[in-house]
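J.: First the structure, then my questions, so here it is.
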Amino acid sequence: MKSSKARKVALYGMFVALAFVFSYIEVLIPFSIGIPGFKLGLANIVVLTVLYAMGVKEAFVISGIRIVLVGFTFGNMFGILYSLAGGLLSWLIMCISKKVKAFSVVGVSIAGGITHNIGQIIVAALVLDTVNIGFYLPLLLISGTITGLLIGILGVGLLKVQMKIFNT
């Protein structure tokens with residue numbers, strides 16, 4: 001029992017660190033397509049693989065810890081607020097999508113990418129007290145689909161590697 005608990009703590013630490021490193025890499029990449037707040041979402045590879053490899057609760061914890069740590073390290077309170085809104089909505093929709101088994105891992109990732117952007121737009125509309133921010137939504141839906149597709153493909157690869165490592 002004790003070794004099982006220690007293993008779980010070690011896995012949490014490893015996945016939070018991996019998500020944090022992916023977020024840091026994203027900060028270093030000077031990637032902009034002219035859409036405020038656009039990111040590749042590399043850390044979501046970790047959340048997606050944890051969702052499939054460990055479970056819903058674990059994915060929630062990893063995502064939440066990563067958002068707060070990255071927000072305090074590289075961002076500000078508004079960044080944390082936007083990321084939490086997007087991350088929580090994304091996590092919820094990915095969990096539902098996975099549970100209904102209507103989507104592949106890549107489909108779940110795309111749903112997560114799209115809803116992450118929707119969550120951020122909702123918070124931005126509330127913070128800025130305007131619905132005009134919604135004009136970004138079509139662009140963010142397209143970018144969420146593309147990045148969700150890429151993250152999903154990478155996530156499938158990571159899941160295969162992870163299964164080989166942990167099942168041997």
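J.: For segment 149-168, give me the residue count where each residue is without any contact (Cβ under 8 Å) to a residue 60 or more places away in the chain and surrounded by 15 or more Cβ atoms within 10 Å (Cβ to Cβ).
T.: Selection size over segment 149-168: 2.
J.: Can you tell me which residue is surrounded by the most Cβ atoms within 10 Å (Cβ to Cβ) among those in segment 114-141 that are farther than 14 Å from GLY87 by Cβ and of a type in the set (Gly, Ala, Ser)?
T.: ALA124
J.: Same structure, new question: Is there any pair linking a residue in segment 105-133 that is without any contact (Cβ under 8 Å) to a residue 60 or more places away in the chain and within 30 Å of VAL156 (Cα to Cα) to one that is buried (at least 22 other Cβ atoms within 10 Å of the Cβ) and among the polar types (S, T, N, Q), with Cβ under 7 Å and at least six apart or on different chains, and which?
T.: Between residues of segment 105-133 that are without any contact (Cβ under 8 Å) to a residue 60 or more places away in the chain and within 30 Å of VAL156 (Cα to Cα) and residues that are buried (at least 22 other Cβ atoms within 10 Å of the Cβ) and among the polar types (S, T, N, Q), the close pairs are THR115/SER90; GLY119/SER90.
J.: Can you work out which of the residues in segment 45-55 that are closer than 19 Å to LYS5 by Cβ and part of a helix (DSSP H, G or I) is nearest to the chain's Cα centre (by Cα)?
T.: The extreme case among them is VAL50.
J.: State yes or no: is THR145 surrounded by fewer than 18 Cβ atoms within 10 Å (Cβ to Cβ) and not in a helix (DSSP H, G or I)?
T.: The answer is no for THR145.
J.: Do we find a residue being in a helix (DSSP H, G or I), β-branched (Val, Ile, Thr) and more than 15 Å from VAL16 (Cβ to Cβ) anywhere in segment 57-78?
T.: no
Each reported figure results from applying straightforward, stated rules to the coordinates on display, with no laboratory input. Given the structure is predicted, the values throughout are model-derived calculations rather than measurements. Every residue, glycine as well, gets a Cβ built from its backbone with ideal geometry; the counts of neighbours run over all protein chains shown.
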